[in-house]
Amino acid sequence: MDVLSMSGGDIAGLIAAGVFAVLVGLLAIPLVKLGRVLDEATKAIRDMSTNVAPILEETTTTIQHTNRQLDRVDTITHNVADVTGNVSALVALFAATVGGPLIKLAGFSAAVRAAFHAAVPTGSRQTGKQ
């Protein structure tokens with residue numbers, strides 16, 4: 001077959017084959033880029049998974065340390081509650097021990113003062129003025 005003796009169908013077939021080759025080339029570019037994106041995503045996931053394990057271990061250690069500190073705070077809070085109860089009982093005991101006699105003494109001194117004022121005539125009392 002001679003190159004100059006091509007029919008219209010042969011030319012149309014060559015054009016269609018050229019268009020198909022261009023179309024395949026244009027579709028190959030996004031597929032290659034998509035492959036690169038998937039490779040990068042795989043690498044990022046791999047890096048993240050290797051970095052997550054130490055972070056989880058450090059978080060576990062931090063939580064354990066925090067729990068120990070909270071146990072200490074709970075012990076301190078319990079001891080403060082006990083001390084507060086003891087101080088309250090001590091104050092009540094002091095008030096009962098010292099307060100009763102002080103009230104009696106105050107009542108006695110008020111009675112003595114009233115008796116003294118009643119026994120001394122009004123004119124003989126010194127007012128403090130001269």
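The long axis of helix 100-119 is offset from the longest Cα principal axis of the chain by roughly 40 degrees. Taking the helices alone, the chain has a mean residue ellipticity at 222 nm of -31000 deg cm²/dmol, built from -39,500 (n - 2.57) per DSSP H run of at least 4 residues and averaged over all its residues.
The length gained on full extension between Thr59 and Leu105, counted as 0.36 nm times the residue separation minus their Cα-Cα distance, comes to 9.9 nm. Placing +1 on each Lys and Arg Cβ and -1 on each Asp and Glu Cβ, with no other charges, gives the chain a dipole about its Cα centre of roughly 1800 debye.
Taking label positions 7 Å along the Cα-Cβ direction at both Thr42 and Ala114, the computed distance is 10.5 nm, reported to one decimal.
The computed log10 I(q)/I(0) by the Debye sum over Cα atoms at q = 0.11, 0.19 Å⁻¹ for the structure shown corresponds, within (1) -0.45, -1.07; (2) -0.86, -1.13; (3) -0.44, -1.17, to (2). Projecting the Cα atoms of Ile76, Ile15, Thr50 onto the charge dipole of region 1-78, computed from C-beta unit charges around the Cα centre, puts Ile76 farthest toward the positive end. Along region 73-80 the Karplus relation, 6.51 cos²θ - 1.76 cosθ + 1.60 evaluated at θ = phi - 60°, assigns HN-Hα couplings of 5, 5, 5, 4, 4, 5, 5, 5 Hz to successive residues, with x for each Gly and Pro. Subtracting the Cα-Cα distance of Val24 and Ala89 from 0.36 nm times their residue separation leaves 14.0 nm of extension gain.
Only the coordinates and a few stated rules stand behind these numbers; no lab work does. The shown structure was predicted, so the numbers you read here are calculated from the model rather than taken from an experiment. Note: ideal-geometry Cβ built from the backbone for every residue, glycine included; neighbour counts use all protein chains shown.
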